[in-house]
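Working notes for the structure below.
The values are calculated or read from the model by the stated rules, or taken from the named source; none is laboratory data. Nothing here was measured: the structure is a model prediction, and the numbers come from that model. Here Cβ is always computed from backbone atoms with ideal geometry, including for glycine, and neighbour counts include all displayed protein chains.
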Amino acid sequence: MVAPPLKGQQQQQQPGKAASTLFSKKPAETGPPASDAFTQGAAERALPGRQCRPLGGTPQAARGVTIPTMRFDVITLFPELFEPFFKSGITRRAFESRQVDVRLWNPRDHAQGNYRRVDDRPFGGGPGMVMMAEPLWRCLQAVRTDRDDSAESQVPVVLFSPIGDRLNHDMASEWSESPGAILLCGRYEGIDQRFIDACVDRQISLGDFVLSGGEIAAIALLDAVARLMPGVLSDEGSHQQDSFNPALSGLLDSPHHTRPEVWEGPAGPVDVPDVLLGGHHERIARYRREQSLTLSQTLRPELVEQARAAGQLTKADETFLRAIKKL
């Protein structure tokens with residue numbers, strides 16, 4: 001969706017700064033200068049389906065398989081908050097390889113006047129400040145131009161807000177199979193509603209609480225998507241054993257144990273469950289399934305009901321659930 005210009009908006013895009021990216025200090029080959037030192041030319045960064053560099057011995061990289069990329073453009077007043085995230089942890093593979101191509105845009109770079117003002121007091125009075133529509137509109141137009149998407153293939157604009165749909169595993173899976181999105185991070189008391197009505201396609205929430213801005217929510221979405229990408233996790237099947245994954249019928253994951261076999265805890269020695277030490281794979285699998293069922297029934301019974309409604313509980317599962325209800 002390309003929103004019509006706001007009232008009084010000039011049709012020509014005003015000069016602004018290009019997106020900030022994180023993995024090269026090479027200046028942009030075309031267009032205006034980028035907003036910080038970590039920049040790479042848009043033409044080089046935006047090649048769809050390009051050959052990713054090897055991802056630490058993953059099967060896809062070893063075979064020279066072209067791994068499709070997605071692109072997320074993040075509109076934020078605080079792009080510096082993202083840099084440590086992109087360079088740390090196992091999911092950095094997704095960003096360094098550009099399987100998940102992220103570009104950061106600061107609406108202040110597209111504001112007018114000497115002070116590059118992006119917020120003002122709310123009409124009608126009240127505390128705090130409201131992000132202005134005009135700088136966001138100019139920034140969004142710059143993003144659309146840089147993406148060069150056709151009208152039919154334009155990605156949605158996503159705002160992180162308390163009224164949005166709750167972010168969950170199914171949503172993360174949906175985004176991991178998408179071409180990406182434009183993520184809008186609000187600040188202060190919020191964003192001028194006229195911009196939301198004209199330009200925002202979808203809203204997402206992390207839960208029933210309020211953050212200082214949408215950046216943490218954007219990072220949460222990007223991390224959830226990145227770990228689902230092929231070759232990012234060291235073990236291809238790791239994410240399939242996560243809580244809420246369809247491989248676990250959408251239930252909570254079972255507890256995990258590692259060395260030593262006996263831990264001298266504060267209340268005395270604690271053993272690893274014997275079944276995990278026996279090497280009997282079927283018994284281990286059944287034990288973990290029952291632990292998953294127990295935790296889900298106790299802490300998140302709605303997950304058990306959802307799995308039952310979807311026909312994902314076996315007769316053995318139902319027998320075990322009836323047994324624990326009698327305890």
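Here are some notes:
- Of all residues in the stretch 204-246, those being at pLDDT below 85 and assigned to a loop (DSSP other than H, G, I, E, B) number 9.
- Beta carbons closer than 8 Å, at least 6 apart along the sequence or on distinct chains, pair a first residue in the stretch 275-304 that is under 15 Å from E318 (Cα atoms) and acidic (D, E) with a second that is part of a helix (DSSP H, G or I) and modelled with pLDDT of 95 or more for E290/F320.
- Residues located in the stretch 285-327, provided they are among the β-branched types (V, I, T) and surrounded by fewer than 16 Cβ atoms within 10 Å (Cβ to Cβ): T298, T314, T319, I324
- Qualifying residue in the stretch 109-129 (condition: buried (at least 20 other Cβ atoms within 10 Å of the Cβ), assigned to a loop (DSSP other than H, G, I, E, B) and out of contact with any Leu (no Cβ under 7 Å at 6 or more places or on another chain)): yes
- Flag for E83 being farther than 16 Å from A218 by Cβ, surrounded by fewer than 19 Cβ atoms within 10 Å (Cβ to Cβ) and under 16 Å from the mean Cα position of the chain (by Cα): no
- Looking only at the stretch 162-177, and only at residues there that are under 12 Å from the mean Cα position of the chain (by Cα) and small (G, A, S), the one that is surrounded by the fewest Cβ atoms within 10 Å (Cβ to Cβ): S173
- Pairing each residue of the stretch 118-145 that is closer than 14 Å to Y188 by Cβ and without any contact (Cβ under 8 Å) to a residue 12 or more places away in the chain with any residue that is surrounded by fewer than 20 Cβ atoms within 10 Å (Cβ to Cβ) and small (G, A, S), provided the two are 6+ apart or on different chains, yields C-beta distances under 9 Å for R121/G128.
- Residue within the stretch 179-201 that is buried (at least 16 other Cβ atoms within 10 Å of the Cβ) and polar (S, T, N, Q) present: no
- Residues of the stretch 294-323 that turn out to be assigned to a helix (DSSP H, G or I) and under 30 Å from the mean Cα position of the chain (by Cα), as a count: 15
- Residues that are outside any loop (DSSP other than H, G, I, E, B), modelled with pLDDT of 95 or more and either more than 30 Å from the chain's Cα centre (by Cα) or of a type outside the set (S, T, N, Q) (or both) do not occur anywhere in the stretch 247-257.
- Being surrounded by 15 or more Cβ atoms within 10 Å (Cβ to Cβ) and modelled with pLDDT of 95 or more holds for only one residue in R103, R93, R45, R50, and it is R103.
- Scanning the stretch 202-223 for residues that are under 22 Å from G128 (Cβ atoms), in contact with a Ser or Thr (Cβ under 6 Å, 6 or more places away or on another chain) and surrounded by fewer than 22 Cβ atoms within 10 Å (Cβ to Cβ) yields a count of 1.
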